[in-house]
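Taking it in order: structure first as structure tokens, then the write-up.
Since every read-out is calculated from the coordinates, none of them should be taken as a lab result. From a predicted model like this one, the values you see are computed outputs, not experimental measurements. No Cβ is skipped: glycine too gets one built from the backbone with ideal geometry, and neighbour counts run over all protein chains shown.
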Amino acid sequence: MKERLEKIKEEVLRQIESSENLEKLNEVRVFALGKKGALTGLLKGMKDVAPEERPKVGQMVNEVRAELEGRLEERKAELEEFLREMRLKSEVIDVTLPAKKNQVGHRHPNTIVQQEVERIFVGMGYEVVEGPEVELDYYNFEALNTPKGHPARDEQDTFYISEDIVLRTQTSPVQVRTMEKGKLPIRMIAPGRVYRSDEVDATHSPVFHQIEGLVIDKNITFSDLKGTLAEFARELFGPDTKVKFRPHHFPFTEPSAEVDVSCFKCGGKGCRFCKGSGWIEILGCGMVHPKVLTMSGIDPNEYSGFAFGVGLERITLLKYEIDDMRLLYENDARFLKQF
């Protein structure tokens with residue numbers, strides 16, 4: 001028994017010394033000390049040892065076990081230290097190399113302008129309201145005084161999902177939905193994505209953005225509209241900006257107008273940017289049509305209001321002097337990082 005024990009000890013120690021990695025060392029541990037290991041097998045043969053010799057043999061086995069366990073731990077520590085040194089050598093950082101720069105994102109020019117517009121109107125007491133992009137034909141047209149067969153429907157080249165459901169062509173439906181709630185007075189703007197079946201070119205896209213505004217209260221007049229838009233233009237384009245109203249027609253409003261601002265590039269003198277006129281068109285507006293108020297459950301004899309709508313991309317192109325709307329959506333980092 002003693003000879004077998006000594007032979008097992010020598011063999012295990014030899015394997016421990018020859019182990020070159022932790023996986024191999026673990027295999028040696030299982031071979032020597034596992035449930036089916038050499039020492040366990042030796043202990044199972046204790047039944048063949050004389051009773052008076054068993055305590056002595058058991059002590060010898062425990063001593064060998066303790067010695068092997070100690071050497072296994074020492075070898076494990078040696079291998080771990082070796083692996084740590086090798087990893088440190090392979091992971092050396094060359095501090096002379098240039099650092100990697102983090103490419104930090106920033107706001108899109110459309111977002112910058114939209115937030116600026118929202119800031120201006122929120123500062124005047126307006127709230128920002130959103131609505132569905134997939135809209136009922138009723139809210140997109142009929143509730144805005146544009147019944148079936150109206151010529152204005154053809155001008156907008158609508159995307160129809162079904163006979164009664166469309167992709168909204170404007171954010172005006174949000175205004176109707178707000179009026180129907182009956183909480184007066186109303187001071188709101190409705191920014192959002194809209195859709196029209198247009199060919200893609202430098203100034204058109206089938207998907208773009210609008211910001212429309214609405215005020216409903218008692219004794220609202222066209223003068224209130226003019227003062228509001230003049231203040232908006234000064235805040236957005238500069239304190240010396242002037243506004244000019246030209247008669248126009250929109251089914252939603254009566255009377256209606258288109259609004260020009262004095263060219264902020266030349267100060268109204270005439271330049272390439274304003275095509276020599278000194279003025280730049282920016283939006284449409286007007287007093288809310290009494291019929292629209294009635295359809296939304298508001299008494300036009302007691303309340304009046306004005307509405308306006310501006311294309312977000314148009315303002316962005318003007319403000320940053322961009323000559324092609326497609327640049328806003330091509331995701332060219334060279335272009336976007338200028339903002």
(request) Mind listing the long-range amide H neighbours of H209? Cut-off is under 5 Å, sequence gap 5 or more, other chains count too, H placed in the peptide plane at 1.01 Å from N. (result) V194, L312, E313
(message) Starting from the 7 Å offset along Cα-to-Cβ, what nm value, one decimal, do you get for the label separation of R246 and E73?
(response) 9.3
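Please rank V215, V134, fewest neighbouring Cβ atoms within 10 Å first, as an exposure proxy.
Ordered by Cβ neighbours within 10 Å, fewest first: V134, V215.
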(request) Report, by chain and number, residues whose modeled amide H sits under 5 Å from the one on L283, excluding near sequence neighbours (fewer than 5 apart, same chain). (result) V259
(request) Could you check what % of the DSSP bridge pairs in the chain are antiparallel, to the nearest 5? (result) 95
(request) Provide Rg and Dmax in Å for the chain, with only Cα atoms included in the calculation. (result) 40.9, 122
(message) Report D for the range 260-339 in µm² per second (integer): Stokes-Einstein, Kirkwood Rh on Cα pairs, 10 °C, 1.306 mPa s.
(response) 102
(message) Can you compute 3J(HN,Hα) from phi for each residue in the range 255-269, using the Karplus curve 6.51 cos²θ - 1.76 cosθ + 1.60 with θ = phi - 60°, rounded to whole Hz and x for Gly and Pro?
(response) x, 10, 8, 9, 10, 10, 10, 5, 4, 7, 8, 10, x, x, 7
(request) Could you work out how far helix 2-18 tilts from the main Cα principal axis of the chain, as a 0 to 90 degree angle to the nearest 10? (result) 40
(request) Quick one: dipole size for the range 109-336, taken about the Cα centre, charges +1 on Lys/Arg Cβ and -1 on Asp/Glu Cβ, in debye to the nearest 20. (result) 760
(message) Considering the Cα positions of the range 80-230, please state its Rg to one decimal place and its Dmax as a whole number of Å.
(response) 25.8, 87
(message) Can you list, by residue number, the Cys in the chain that have no neighbouring cysteine C-beta under 4.7 Å?
(response) C285
(message) Using Cβ contacts closer than 10 Å as the measure, can you line up M325, M124 from fewest to most?
(response) M124, M325
(request) For the range 224-257 and the range 205-222, write down the distance between their C-alpha centroids in whole Å. (result) 11
(message) Can you compute 3J(HN,Hα) from phi for each residue in the range 285-292, using the Karplus curve 6.51 cos²θ - 1.76 cosθ + 1.60 with θ = phi - 60°, rounded to whole Hz and x for Gly and Pro?
(response) 7, x, 7, 4, 4, x, 5, 5
(request) Work from the charge dipole of the range 109-336 (Cβ charges, +1 for Lys and Arg, -1 for Asp and Glu, about the Cα centre) and give the residue of F121, T111, S172 farthest towards its positive end. (result) F121
(message) Can you find, among G286, G182, A66, the residue sitting farthest towards the positive end of the charge dipole of the chain, where Lys and Arg contribute +1 and Asp and Glu -1 at Cβ?
(response) A66
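Counting Lys and Arg as +1 and Asp and Glu as -1, each charge on the Cβ, what is the dipole of the range 214-339 about the Cα centre in debye, to the nearest 20?
Numbers: 16 positive and 17 negative charges, 102 e Å.
Dipole of the range 214-339, to the nearest 20 debye: 500 debye.
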(request) List every residue whose amide H lies under 5 Å from the amide H of G278, counting only residues 5 or more places away in sequence or on a different chain, with H placed 1.01 Å from N in the peptide plane. (result) G270, C271
(message) Tell me the angle of helix 54-90 to the major Cα principal axis of the chain, expressed in degrees between 0 and 90 and rounded to the nearest ten.
(response) 40
(message) Need the list of lysines near K181 for cross-linking: C-alpha distance under 24 angstrom, and skip anything on the same chain fewer than eight residues off.
(response) K218, K291
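Calculate the dipole size of the range 244-283 relative to its Cα centre from +1 charges on Lys and Arg beta carbons and -1 charges on Asp and Glu beta carbons; express the result in debye to the nearest 20.
Computed charge dipole of the range 244-283: roughly 340 debye.
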(message) Cut-off is 10 Å between beta-carbons; in what order do T158, T203, T96 appear when sorted fewest neighbours first?
(response) T96, T203, T158
